[in-house]
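The values are calculated or read from the model by the stated rules, or taken from the named source; none is laboratory data. Source: prediction; values computed, not measured. Ideal geometry is used to build each Cβ from the backbone, glycine not excepted, and the neighbour counts take in all protein chains shown.
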Amino acid sequence: MSEQEKLQSLVAELRMLEAYFNEIDARESLLGRALVESRAALDTIKGFSSNEPSDLLVPIGGGLFLKASALPPNRLIINVGAGAMMEKTKEDAIGFLETRIREVEEAITKFESQKADLARRMDSNRAAISDLLEKQKRA
């Protein structure tokens with residue numbers, strides 16, 4: 001393989017790695033938002049007092065909210081995916097959220113590891129490209 005072909009191959013691989021890195025970064029960002037949302041839901045459920053109604057803001061869309069008052073929940077509705085909902089006890093809902101939080105944290109850790117590996121490969125490709133370009137300038 002000639003140096004020019006090797007250079008083109010390295011540049012193509014670098015572009016592919018950068019696209020993959022950006023995709024993983026976007027997915028990690030989505031998971032970060034899901035983690036914040038799940039933690040907020042968990043804090044809210046745990047924060048309900050045992051007997052007194054709590055004031056809530058209920059989003060109705062378009063940046064609008066309704067003020068509402070709710071008794072402490074004994075049962076909650078959980079979206080389990082694909083539009084399916086299940087009614088769970090407060091304790092089961094807390095367990096569900098805690099499990100979800102752990103899973104999301106694990107996924108974020110995996111994405112961080114993948115991004116670090118990709119960054120090393122991209123740096124290696126950039127160095128190889130730089131070396132090849134330097135050789136071509138001297139020739």
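Key figures for this structure:
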| read-out | value |
| --- | --- |
| Criterion: touching a Gly at 6+ places or on another chain (Cβ under 8 Å) and surrounded by 13 or more Cβ atoms within 10 Å (Cβ to Cβ) - qualifying residue of 101, 94, 108 | 108 |
| Top-ranked residue in the stretch 37-57 [being assigned to a helix (DSSP H, G or I) and free of Cβ contacts under 8 Å to residues at least 40 places away in the same chain; ranked as nearest to residue 67 (Cα to Cα)] | 44 |
| Where a residue in the stretch 2-25 is farther than 19 Å from residue 112 by Cα and its partner, wherever it lies, is exposed (fewer than 13 other Cβ atoms within 10 Å of the Cβ) and at pLDDT below 95, with Cβ under 9 Å and at least six apart | 3/135; 3/136; 3/139; 4/136; 7/133; 7/136; 9/1 |
| Cβ pairs under 7 Å, 6+ apart, first in the stretch 58-69 and at pLDDT 95 or above, second surrounded by 10 or more Cβ atoms within 10 Å (Cβ to Cβ) and among the basic types (Lys, Arg) | none |
| From the options 18, 105, residue that is in a helix (DSSP H, G or I) and closer than 30 Å to residue 7 by Cβ | 18 |
| Selection count, the stretch 75-98, where residues are closer than 16 Å to residue 43 by Cβ and part of a helix (DSSP H, G or I) | 8 |
| Scope the stretch 106-134; condition aliphatic (A, V, I, L, M) and free of Cβ contacts under 8 Å to residues at least 40 places away in the same chain; matching residues | 116, 127 |
| Qualifying residue in the stretch 4-11 (condition: out of contact with any Phe, Trp or Tyr (no Cβ under 6 Å at 6 or more places or on another chain) and exposed (fewer than 11 other Cβ atoms within 10 Å of the Cβ)) | yes |
| Failed item, numbered, when residue 27 is tested on (1) over 19 Å from residue 99 (Cα atoms); (2) loosely packed, with under 11 Cβ neighbours inside 10 Å; (3) not polar (S, T, N, Q) | (2) |
| Residue satisfying all of: in the stretch 68-80; in contact with an Asp or Glu (Cβ under 7 Å, 6 or more places away or on another chain) and of a type outside the set (Val, Ile, Thr); surrounded by the most Cβ atoms within 10 Å (Cβ to Cβ) among these | 75 |
